[in-house]
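All remarks here apply to the structure that follows.
Derivation of every value follows stated rules applied to the coordinates shown; laboratory data play no part. If you're wondering where the values come from, they're calculated on a predicted model, not measured in any experiment. Neighbour counts are summed over all protein chains in view; Cβ atoms, including those assigned to glycine, are modelled from backbone coordinates with ideal geometry.
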Amino acid sequence: MQEVENFIKRHQLLLSAKTVVVGVSGGPDSLALLHFLWKRSALYSIYVIAASFDHTLRGEESARELEITKQFCAERNIPFEGGEGDVSSFQKKHHLSLQTAARICRYDFFEQVMKKHKAEVLALAHHGDDQVETMLMRMTRGSEGYSLAGIPIKRPFGEGEIIRPFLGITKDEIEHYCKVEDLHPVYDPSNESEKYVRNRFRKNVLPFLKQENPKVHERFQYLSETISEDEAYILHQAEIELEKVLIVKTEGKIELSVSAFNKMPIPLQKRGITLILNYLYKLNPSSLSSVHKENFLCLLGSEHPSGFLHFPSGLLISRTYDRCTLSFEQVKPEESYDFSIELPGSAKVPIGMLTAEITDREPDSIRGKDVFVFSRNDVSLPLRVRNRRPGDRMAIAGVGTRKLKDIFIDAKVAQEERKVWPVVVDANGDILWLPGLKHSNRNQINHSEQWVILRFQKNRHDV
């Protein structure tokens, strides 16, 4: 067990621990871990508590295993906490796989025990062979990122953390420890059934790998730690770059610049998508897969300027030109609007603000698409502002008349913004100005002592 002691020291697993809860099923792995930490409790200055949970899936057999574990602890004066739960009912109620339901119930129990005893650490007996199996299973089903690293050595849990001191050794070494220490574990027959994916990897794949390299578990553990370290660094870089491309970041909604995102290196793009989805979902749905992320990348990299994707749990991804929006919000059709503009005065429109001021001299120096200047005698008043109507056209100097639809497309205005973009018309209904985009072709004939300056300020979004 010198390897385990070195592993604990190298990864500082018990450095700040005072009370350690050990998850025990009564099998060889967990019984060996409990015995190992109990015998070294003085060495590590820790107080060890055993916690055993009966999933009630095997009736009297699993109840008997709980009692055997309880007796084992009683003989050694190890504090024992036992619990049980109706995993089958929990599975049906929440529509989960049996293994997922069992895991949730078991971990909930462990957390309760930790709180009761104010324990900082939960020690679990996953070992090197478990690590190889887990990493192979995840590679096979297409996992990515941290998931490829398999079982973490330690991770936050409840108000403390989970540690796994046995990840550096094999199942055979654990079995040998049980014989040397005269331990008598129980064996769960379900561990032999090939209806479970893990058991098929354990019985059919792992023996071949061990033939090729008896220390294969050490290579996989090294790979696991390397992936975790690399992933932490790349994710940090992705966070930095992602802040530069976000346009809007609110609860349940993110908008980003497509062109800026596409300039990021591909590894950072992939992690950026992961960060975005983690932020929006909080807890990713089980139906979310790497295929969804690949489709997202394709949407952003497509030459087509627009498109939609529907992700699990109602997340809608919409791209229009250089803007991509991810939101759970249901897009509601905007009601049409049409009202007069007071001179002077201001008017709020869905995408910004229009303001009007009056001056007694012609403001020659004011130019730009966000400004519209005219003599009061040149325009039929009152002015009105409205959203677009089917068939809208406006006269443009040197061009003739053009459809508003074509102007919006040329300017790469998002579909949702086109519906509510302000259109300024005169008393006759002729379009004078498309704020921020186009001025109409007007013949200035009459002049007066008063000039009107209309300004448009489009809404800005800051992250």
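Numbers for the structure displayed
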| quantity | calculated |
| --- | --- |
| Segment residue 99-residue 393, extension gain: residue separation times 0.36 nm, minus the distance between their alpha carbons | 99.5 nm |
| Ranking of 433, 451 by count of other Cβ atoms within 10 Å, fewest first | 451, 433 |
| Summed side-chain charge close to residue 438 - residues other than residue 438 whose Cβ falls under 9 Å, Lys, Arg +1, Asp, Glu -1 | +2 |
| The stretch 150-212: GluC sites (Glu not before Pro) falling in loop per DSSP and having at most 14 other Cβ within 10 Å | 159, 181, 194 |
| Reach of residue 348 by Cα under 28 Å, taken over lysines that are not fewer than 8 positions away in the same chain | 249, 253, 332, 369, 403, 405, 412, 419, 438, 458 |
| Percent RCO, i.e. relative contact order, over the stretch 2-214, from Cα pairs under 8 Å lying at least 6 residues apart | 25 |
| Computed helical MRE - 222 nm, the chain, DSSP H runs ≥ 4 contributing -39500 (n - 2.57), nearest 500 | -12000 deg cm²/dmol |
| Net length gained if the chain between residue 290 and residue 43 were fully extended (0.36 nm per residue, minus Cα distance) | 84.4 nm |
| Relative contact order for the chain, counting Cα pairs under 8 Å that sit 6 or more residues apart, in percent | 11 |
| Distance between the stretch 379-444 and the stretch 34-100 - C-alpha centres, whole angstrom | 73 |
| Chymotrypsin sites (Phe, Trp or Tyr not before Pro) within the stretch 166-209, DSSP loop, no more than 12 other Cβ atoms inside 10 Å | 187 |
| Proximal lysines to residue 93, defined as alpha-carbon separation beneath 25 angstrom and excluding residues fewer than eight positions away on the same chain | 195, 282 |
| Debye intensity ratio in log₁₀ form over the Cα atoms of the chain, taken at each q of 0.09, 0.14 Å⁻¹ | -0.75, -1.33 |
| HN-Hα J in Hz across the stretch 301-311 - Karplus 6.51, -1.76, 1.60, θ = phi - 60°, x for Gly and Pro | x, 5, 6, 6, x, 8, x, 10, 9, 10, 9 |
| Those aspartates and glutamates that a straight Cα-Cα span of less than 15 Å connects to residue 39, excepting residues fewer than 8 apart in one chain | 5, 75, 181, 182 |
| Label-point gap, in nm, between residue 155 and residue 198 - each point 7 angstrom along Cα→Cβ | 1.3 |
| Exposure proxy order (Cβ contacts within 10 Å, fewest to most) of 381, 300 | 381, 300 |
| Cα convex hull volume per residue for the stretch 245-327 (Å³) | 80 |
| Sites excluded, trypsin sites (Lys or Arg not before Pro) in DSSP loops with at most 14 other C-beta within 10 Å, longest stretch of the chain | 283-360 |
| Point-charge dipole on Cβ atoms (K/R +1, D/E -1) for the stretch 338-458, about Cα centre, debye to 20 | 600 |
| Residues 360, 338, 29, sorted so that the one with the fewest Cβ neighbours within 10 Å comes first | 360, 338, 29 |
| Which of 100, 128, 80, positive extreme of dipole for the stretch 61-139 (C-beta unit charges) | 100 |
| Integer Hz, Karplus 6.51/-1.76/1.60 couplings in order for the stretch 391-400, x for Gly and Pro | x, 4, 9, 9, 7, 10, 4, x, 10, x |
